[in-house]
Structure formats: structure tokens, C-alpha cells
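Beneath this line is the structure, given in C-alpha cells, with notes to follow.
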Amino acid sequence: MSKTKFPLFCGPSNRDLSPKARYRCMRNSLLIVMLAITLIPLSITSGLNFIQYQQLLREDSQANARWNAESARATINAYLEKLEAAITVVIDTYSFEDLSDTRKLEQIFRQLKKEHQGLVDLSVVGPDGIQSGYVGPYGLAGKDYSDSLWFHKALTRRMYVSEVFTGFRNVPHFVVATSQKDPYSEQYWVLRASIDTETLDRFLALADTEALEDIFLINDSGVLQSGSRYHGGAMQDFQLTRKPKQNDILIYEETRGDSNFYRAVSRIPNTPWLLVLDQQGAEARKIWHVFKDRLLLTLVLCFLASGGMVVWLSRFLAGKFREADETRDAILSETEHSNKLASIGRLAAGVAHEINNPLAIIGEKAGLMQDLVGLDQDFRHKEKFLSQLDALQNAVVRARTITHRLLGFARRMETSLTLVQLNEILQEVLSFLEKDAAYRNIHVILQLQENLPVIRADHGQLQQVFLNVINNAIDAIRNDGEIHITSRRENHKTVMVAISDTGPGIAPEILKNIFEPFFTTKGNEEKKGTGLGLSITYGLVQKLGGKIEVSSEVGVGTTFIITFPVYNEGSEGESNDRA
Amino acid sequence: MTAHRILIVDDELDFGTTLAERLELRGFAAKAVGGAQEAMEALAADWRPDVVLLDLMMPGVDGLATLDLIKQHDPKIQVIILTGHGSTESGIIGMQRGLFDYLMKPVDIGELIARINEAGAQ
């Protein structure tokens, strides 16, 4: 079947399509319009929902990154502040000489180590940069720090936290140093505590959550101050693209491979460090996947449900349109049919009337001749003449019978309700059909109730009803079978006629359509049906206030039951005796 | 029984005169006229029929109007319509206006005489 045969939309150019194609394209048009009406708003709503939730999750992820960064910064800050406070207490309490005493220094170191994890060593450096006291694992006593950057910075500040460096020990660490003025020499000396970078790693690890991709410290020159999951250990190089001003937390989006993440960068006050925290992007979060899956599932279910509904509805509506059109066509055909019959009726009546007059003249002339010849005793060939005139009179009688019958037919074409006896109508109809039935060896068995009440109906239309049904029964049997016709009074309100045949029966799927216009099963046979017979019958029975029902069993036969209301004169007493 | 006087009113004069002749052969006094006017002239000429056989479809004054004229002239005259253009309606209207019977052409002479006798006996 080519595509052009069933176009999607029907326009004026599709008028010459076949009815099937027209209904098909009407159905398609309905389908497309209704799908658009239902699915477009659904898609828009879902899209908006998607975008809004994504936005919400992004904001949430950013807020999360900020909060985590703040929390990690506070942890490191707290550690440093506590250590700084402890060192300050020591330097305020003890003199340079006290702390240059290794035993004293060791005592203090042990005390500090208990409270400050990660503390590697504690040392005192004199104003000349020579380490005069040292407690720790590296044996750095007597080392000269006069050229060290941290030493000079510590001298100029009350408290100094260094960058991570390797120094004499060749192990990455940082120092927290404070200086004090010696009251006698008026020169500054330094108390220094070294902390290994693993301590920083441990603190940073505290901030680790499921959504955290990486967290590390870095200095302004791009040297890692702690280990990073993606960029290596301390002292490795890594360049940040953006840095915050002062103490703000800067958050921006970064890409690693295929995935996006949020990077929060903040300075840790009074240190040379920047805290860098990489937080999973909104799209990488589990909750986002769950949302997407659910949205998709809802959307698919809604699409399926509305798609199904729309398909059903468009079929249903197209079917209804088709039904309405067919009913209209049937009514038109029926009207046309009745009009045609009425015209034939009028024509027949006209012809009959016109013929009756000359026929009457012929009859009278022939009659007069008969009279005169009959009176004349001496008329030659009298017998032969009279017999000829008799034949002429017989022909007139035959012609009169025909014209009278034609007039009767014409009268039946006009609907006129009279009181009729169903049994008489059945007999009349059978007189038309009995020859056909006998020829096909079909026995018609009558069980007609006597004194059946009369009904008020149109004689001709009732004839047509029974003619159709009995004709169908004969067609169904084809050859050899029986037709049972029963009439009886059902109750005080109705009379019924049952017409059963021993035909092949009708399948249920056909039975339900049997009264629909243009529905025919006679298509393949030489006697093609119009599909209007039973539809017209149904209409006529309804018009006469009756009811027609059909029941059938395949292989057994079919029964039509037609009921009519009994005619009641006034409120009581049927006029059956008038029939 | 005295023979009845029959007036046949029919525009088909050939039919009327033939029928009149046949009725006369059967002892009736019969006269055929071609329309309402002649019929009324006949009535006025003191030829009072007992039964009028009246056609329905006639040019000028039709059968039902002629029936009214006859009944106005003498309600006792019995009228039988004898027509080729019969219809139940005109029959019913005629009966309401005092028509005795309604017969369709062509009619059997025996049946016609029986009706004439019935009408004449009224």
C-alpha cells in the first residue's frame, strides 16, 4: 500500500479519496492533533522540571562545596591557632637560656607532643641563626639557619607559619615559629616547631565525603602543600586557574575528563596556603541520576498512557464519524428508495386510471354486443360470436384485475396506518415467496395463532418487513430446509412473529452488525446484497413501534423475533373482532 | 318492481350511451349525458331519475361537485359513483355527502344492476 494512498492530513485535495482512505486519514489527523495537544505540554513541563531541578542541584552542590571548604579551613585554623597559642605560652614563660637547656626543652616538647599531633621537633634558634637547642628525631642541633627564609620571617613577625619545604632533613614539613626579644641582649631569638605534612593530610582527610573529589593545600607559587588525589604528593607543582582575593571563598566550575566539578578555593588566614576543594558536579550525584531515571520513567509512562488513549480515542472518534456518515447514507438511500417506490406508485396509479376508462368502454361495447346478439334469434354464427365476446370480456376482467392491483400497490406506497392482522400479511407475503421456496425444496411450516389481536401499522411496510426477513431465510438455507413461522400473542400488550430457518447460522461477530446499513454477507455470491435489507427492516419495525431481535447458532440456524404493540381502542379492550 | 330511471353522467359519452343502451335492454329507463350542466338540465326538464351513475373526473364541474348539485336539487335521488380514477379518499368524501356507493370501472353489469336495485329501493 503506497504512502500517498493514506495521507496524514485530509484537505480539499483529498476529496477524491476512497471512503476507507478518507476515514484513515481523518483518524491520522485526529491522532496527530491529539498527540500534539497531550504530549507537547507534557514534554514542556518535564523539560522545565529537568532544568529547574538541575539548577537547584547545582546551587546545592556549590553550597555544599562552600560549606565543606569552610569546615576544612576552620579545622586547620583551629589546629594552627592551638599550636601557636601553646608556643606563645612557652616563649612567654621561658627565657632563651632556659630553653637552650636540652632537658628543659625535651620536657616541654614531650608535653606539647601529647596535645599537638604531628609535632616532629622543637628547637630554639639564637639571634645569630644557630640552633642552640633541639629536640627531635633528626639531630639538627647546632645547625645554622641564618640564611633560611623562615628564620628571617620569624624574626620580623610575632608568629610565622612557613610554606612546606624539605630543609636539612630532606622531608617535606612546615614550621610554626615565634620570636621573643631577649631582655639583656635586646636581640630576638626564635622558638620553632616543625610539623610533618602528613598531619595536614590527616586534617584534610577529615573533610572527605562521598561527593568530595579532592582536597589539598597549595601555595601562591603553585607548589602543593599536601597530598592530592589527582595531582601528586606535597612539593609537586600545580597551577590554579583562579585565586580568591583575601578571605573570600571562590567557587567555580572545572572540568576533568568528561565530568564537571566545582572547585572551592580559599586562603587560610596567616598562612601562605590556599585550600583547594573539588566537589562533584550536580550531574555526577546519585540523587541526580535517581531524579533523571524517575523523570524518564514518568515521562515514558505518561507518553505510553496518553499515546494509548489518543490512539484509542482517534479510532473511536473516526469510527463514530464513519458510523454517523453511514447512517446518513443509509437514510438517504432509504429515502431515495422510498421516493423511487412512491414515484413508481404514482405512475402506476396514473396508468391504471387512464386505462380503466377505455377498458370500461371496451367492456360496455362488448357487453352491448353480447346483449344484442343474445336477443337476436336468427343471428348467424351466434354461438361463435358469443364465445368471442366472452373471451373479450374475460380479457377485460383480466386487465381490470391488473389495474386494480396496480392501484393497490400504489396505495401501499403511501404510509397509511390501518388496523392489520399479522397472519393475513404473513399469508400474503408467503404467496409471493412460496414458489421460490418450493423450487428450492424449502418447507414453510406455519403455526399462526387464531384470533390474533390486530395491530396498527402500514400494510405495505409490514409486507416489506416480512418479505425481507423470509427472503433472507430462504437465501440462508439455499436448498433443502425448513422455515418455521410462528405468530402468537405474547402478553396483553404485544404480539410477536418468530421466523426461524435451518440455515448455516450466523457467527457472533457478524450477528452484532447485522442491522447496520451496508453490512452484507452476500458479496461473494451471484446474488449480491445491498446491505440495506435488514437495516431498512429494522428502521421500519422501529417506525411502527415494534422491536426486532435476532439469535443464531452456527450450524443450527437463525431466528428473528419481531414484536408489535397490540392496538388498543381507548384504554381497554383490543379491537380484535374488527380484524 | 317498477323499472328505475337511470341517469348516466360521464364525459366519455361513448361509454355512457352504450351503458344506457344495455340498461334499457334490461328494462331500465336510462339516459346518458356528458357533464354536470346537461345533467342538471335533464333534472330540470322534469325527467327525475331514481339513480344517477356519476363519473368522478370530468372537465368543468367534477363528480363530487355534481353530486352536491344533485343532492341540492333532490336529496332523494341516489347517486352511485362509477369511475376509473377511484381513490379511497374521494370515496369517503362522497359517502359523507350522501353518496350511495362507489364502483370502479370497468364494472360487471350484473354487479352494477344489483347496486342500482339496492339504491332504487331506498
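With each label modelled as a point 7 angstrom along the Cα→C-beta vector, the residue B:68-residue A:549 pair spans 5.5 nm.
Remark: relative contact order (chain B) = 22 percent; criterion is Cα-Cα distance under 8 angstrom and separation of 6 or more residues.
Between helix A:197-206 and chain A there is an angle of about 30 degrees, using the helix long axis and the longest principal axis of the Cα atoms.
Looking at segment B:5-121, the pairs of alpha carbons with a distance over 17 Å make up 48% of the total.
Per residue of peptide B:19-25, the mean number of Cβ atoms on other chains within 10 Å of the residue Cβ is 4. Between segment B:1-60 and segment A:90-147, how many Å separate their Cα centres? One Cα centre to the other: 167 Å. The distance separating the Cα centre of segment B:64-86 from that of segment A:468-501 comes to 48 Å.
For chain A, the relative contact order works out to 9 percent when only alpha carbon pairs closer than 8 Å and six or more residues apart are counted. In plain terms, the residue of A:258, A:501, A:278, B:62 with the fewest other Cβ atoms within 10 Å comes first and the most crowded comes last, giving A:258, B:62, A:278, A:501. Taking 20 Å as the straight-line reach from the Cα of residue A:543, the lysines in range (excluding those fewer than 8 positions away in the same chain) are A:340, A:493. If R0 is 25 Å, the Cβ-Cβ spacing of residue A:351 and residue B:47 corresponds to a FRET efficiency of close to 0.10.
When a/c reaches 1.5 or more, the comparison of a/b and b/c decides; with that in mind, is segment A:33-284 rounded, prolate or oblate per its Cα gyration tensor? Judged from the Cα gyration tensor, segment A:33-284 comes out prolate (a/c at least 1.5, a/b above b/c).
Debye-formula intensities of the protein assembly as shown, expressed as log10 I(q)/I(0) at q = 0.09, 0.11 Å⁻¹, are -0.98, -1.16 (one equal scatterer per alpha-carbon, no solvent). Here the sum of -39500 (n - 2.57) over DSSP H runs of 4 or more residues, divided by the residues of chain B, equals -13500 deg cm²/dmol at 222 nm, to the nearest 500. Listed by Cβ neighbour count within 10 Å, with the fewest neighbours leading, A:29, A:123, A:551, A:194 appear as A:551, A:29, A:194, A:123. The mean number of Cβ atoms from other chains found within 10 Å of a Cβ in peptide B:75-85 is 2, as a whole number.
Ordered by the count of other Cβ atoms within 10 Å of each Cβ, fewest first, A:25, A:302 give A:302, A:25. Per residue of chain A, the DSSP helices (runs of n ≥ 4 H) give a summed -39500 (n - 2.57) that works out to -17500 deg cm²/dmol at 222 nm.
Angle, helix A:286-375 long axis vs. longest principal axis of chain A, Cα atoms, 0 to 90°, nearest 10? Approximately 10 degrees, to the nearest ten.
PRE reach from residue A:568 (point 7 Å along Cα→Cβ): which of segment A:447-477 fall under 17 Å by backbone N? Taking a point 7 Å out along Cα→Cβ of residue A:568, the residues of segment A:447-477 whose backbone N falls under 17 Å are A:453-457. Remark: mean inter-chain Cβ contacts per residue of B:104-113 equal 6, using a 10 Å Cβ-Cβ cutoff to other protein chain atoms.
Against chain A, whose longest principal axis is taken from its Cα atoms, helix A:19-93 shows a tilt of about 10°.
Charged side chains reduced to their Cβ positions (Lys and Arg at +1, Asp and Glu at -1) give the protein assembly as shown a dipole of some 1640 debye around its Cα centre. Using C-alpha pairs below 8 Å separated by at least 6 residues, the relative contact order for segment A:171-232 is 24 percent.
Values in this text are rule-based calculations from the coordinates and carry no lab data. Nothing here was measured: the structure is a model prediction, and the numbers come from that model. Positions of Cβ are generated from backbone atoms using ideal geometry, with glycine treated the same way; all protein chains shown enter the neighbour counts.
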